[in-house]
1. Against the conditions (1) loosely packed, with under 13 Cβ neighbours inside 10 Å; (2) modelled with pLDDT of 95 or more, where does B:D40 fall short? Just the number, please.
2. From the list B:N417, B:N385, B:N367, B:N408, which one is away from every other protein chain (no Cβ under 14 Å) and within 15 Å of ligand 1 (Cβ to nearest atom)?
3. If you scan the stretch B:312-362, which residues turn out to be facing another protein chain (nearest Cβ under 10 Å) and touching a Leu at 6+ places or on another chain (Cβ under 6 Å)?
4. I need the full set of residues from the stretch B:332-350 which are touching a residue at least 24 places away in the same chain (Cβ under 8 Å) and either more than 16 Å from ligand 2 (Cβ to nearest atom) or among the charged types (D, E, K, R) (or both), in order please.
5. All but one of (1) facing chain A (nearest Cβ under 8 Å); (2) modelled with pLDDT of 90 or more hold for B:K78; state the number of the condition that does not hold.
6. Mind checking which pairs have a first residue in the stretch B:183-194 that is more than 11 Å from B:L153 (Cα to Cα) and a second that is assigned to a helix (DSSP H, G or I) and open to solvent by less than 10 Å² (accessible area, probe 1.4 Å), Cβ under 6 Å, 6 or more apart or different chains?
7. Could you tell me which of the residues B:C90, B:C104 is touching a strand residue (DSSP E or B) at 6+ places or on another chain (Cβ under 8 Å) and within 13 Å of chain A (Cβ to nearest Cβ)?
8. Testing B:Y162 on (1) open to solvent by 30 Å² or more (accessible area, probe 1.4 Å); (2) among the aromatic types (F, W, Y); (3) within 14 Å of chain A (Cβ to nearest Cβ), one condition comes back false. Which one is that?
Amino acid sequence: MKHIKVVAKSTICRDKHTGCGECQSSCQSACKTSCTVGNQSCEQQKINRNEKVDER
Amino acid sequence: MIHTFDCLGHSFLLDVESGSVFIVDSLTKALVENLNSPVDYSRGEFSRYTTEEIEEAKSELDELIKEGVLDSAEPEHKKAEYNGVIKAMCLNISHMCNLRCEYCFADGGSYSGKMMNMSYEVAKKAIDFLIEKSGHRRNLEVDFFGGEPLLNLDVVKQTVAYARSIEKEKNKNFRFTITTNAVLLDDETIDFFNEEMYNVVLSIDGRKEVHNCVRKTATGEGSYDLAMQNALKFKQKRVGQYYIRGTYTALNKDFSKDVLYLNDCGFDQISIEPVVLPDTHRLALKKSDIPELIAEYETLVKEYFERRKTDKWFNFFHFMIDVYHGPCETKRLVGCGAGNEYVAVAPNGDIFPCHQFDGDGNYKLGNVLEGTFDTTLPEHFAKNNLLCKEDCRKCWAKYYCSGGCAANAIHYCGDINKPYKMTCELMRKRIECAIAVNSLENLK
Ligand code: SF4
Ligand code: SF4
């Protein structure tokens, strides 16, 4: 495309296997170890990426 | 819903419901901004373009809309349910503190109550409670918090040893984190952190004069020299995650200088966050400060983006968003999970929805020593997720912010479902910066 560069498509995963809750909790207050959920990665995808297994 | 914004010299589109991100030229951005209104293409900004150019950009947009990655509709969401599972716990290991930071919500560590350390007995019971409530979840998080946790280091060590001694048999994996002001951080403690702490958060506010102005010892002296000296030693020896985190207030609205100063000191994991205080407090950030603070984030993101191409690369916590592999929708709806999958335990064993409620009798959920836990409030917290917050549902940042901090909503707006607007605008600005940085760095 000439006018549009695609960065990422459909990244909010609504797959039925999601919601396992294994990812880090995400307090946004100024005194804690993490903040918005946005800066977190899906734990399943991390495992999949590390193990190079993409199918779920 | 599509959000358009400019950052770092580029124009971006965020398709809110799908999470798709695009970089576009100014013509395409203008077309999107007028997507649902009748437009005369011979007038205004469109008059600069030829009919062919406009048609070409429109057809590219149509292609994405057809594909369902632009202007996508809000899907049906899973209903928020309370399942009683707790996966993370803040252990308020000490209500004592060796500092008297002026903005501390914990009131010098005391949380407006009795200054006390948590006993090993309480900590052990809290670990048992967490395991018992964690269901099938394997990864359990325990954050040692205070006051100043190093004032009760022996109990921290005993608690870690206890949890480690049973985690295999219980099929759990504990991730310990600790937040400290670094004043008492010595070599032995650094070694212990390297062995056991998944993440360590050191509180330093930035430049010496900024830090010393609000972070004083009990005798009124600035704590910067000690904290910084120990933090630098820590950084040299650290194996694993850490953050230098600070708070900016009305006294340092030029906080980008503090972020960059910390980077110049040699730190590469930095988080400086806005203070949240009642308007009457001398350090409080006010609504009228917002334009200045937004401009400050703009200054910071430019320098941040440049430094990340050099050997001064660093992470600024609020500019980190994983555009590609972020959390699933369920997580984005639930957010911090306070009072639901996350609880805080006070030194006397009382359980609260999170550390910000510690000491507030209205929010006491139970007590680990007494073995009590009332699920009325946890159910309330679980059910009031992002989808119950009317303002948030209309907000483009909702899937990155998750509806904000429940404690702030309750304490400052009197309602868990009313976002604390003061932080919203800053949150939205930071998310734009984060999406821009992440997109530009990963663009092939
Ligand atoms: S309610 Fe606020 S302070 Fe408490 S865990 Fe959630 S984001 Fe953090
Ligand atoms: S808390 Fe504010 S920024 Fe966050 S989703 Fe709600 S309205 Fe948006």
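The values are calculated or read from the model by the stated rules, or taken from the named source; none is laboratory data. Only a predicted model underlies this, so the values are computations on that prediction, with no experimental measurement involved. Because the Cβ atoms are built from the backbone with ideal geometry, glycine has one as well, and the counts that use them run over all protein chains shown. Heavy atoms of the whole protein, side chains included, go into the accessibility calculation; ligands, DNA and RNA do not. Shrake-Rupley method; radii C 1.70, N 1.55, O 1.52, S 1.80 Å.
1. Failed condition: (2).
2. Working: B:N385 fails: away from every other protein chain (no Cβ under 14 Å); B:N367 fails: within 15 Å of ligand 1 (Cβ to nearest atom); B:N408 fails: away from every other protein chain (no Cβ under 14 Å).
Exactly one residue qualifies, and that residue is B:N417.
3. Selection gives B:L333 alone.
4. Answer for the stretch B:332-350, where residues must be touching a residue at least 24 places away in the same chain (Cβ under 8 Å) and either more than 16 Å from ligand 2 (Cβ to nearest atom) or among the charged types (D, E, K, R) (or both): B:R332, B:G339, B:N340, B:E341, B:Y342, B:V343, B:A344, B:V345, B:A346, B:P347, B:N348, B:G349.
5. The number of the failed condition is (2).
6. B:V183/B:A227; B:I190/B:F234
7. Details: B:C104 fails: touching a strand residue (DSSP E or B) at 6+ places or on another chain (Cβ under 8 Å).
Result: B:C90 is the single residue among B:C90, B:C104 that is touching a strand residue (DSSP E or B) at 6+ places or on another chain (Cβ under 8 Å) and within 13 Å of chain A (Cβ to nearest Cβ).
8. Status for B:Y162: all satisfied but (3).
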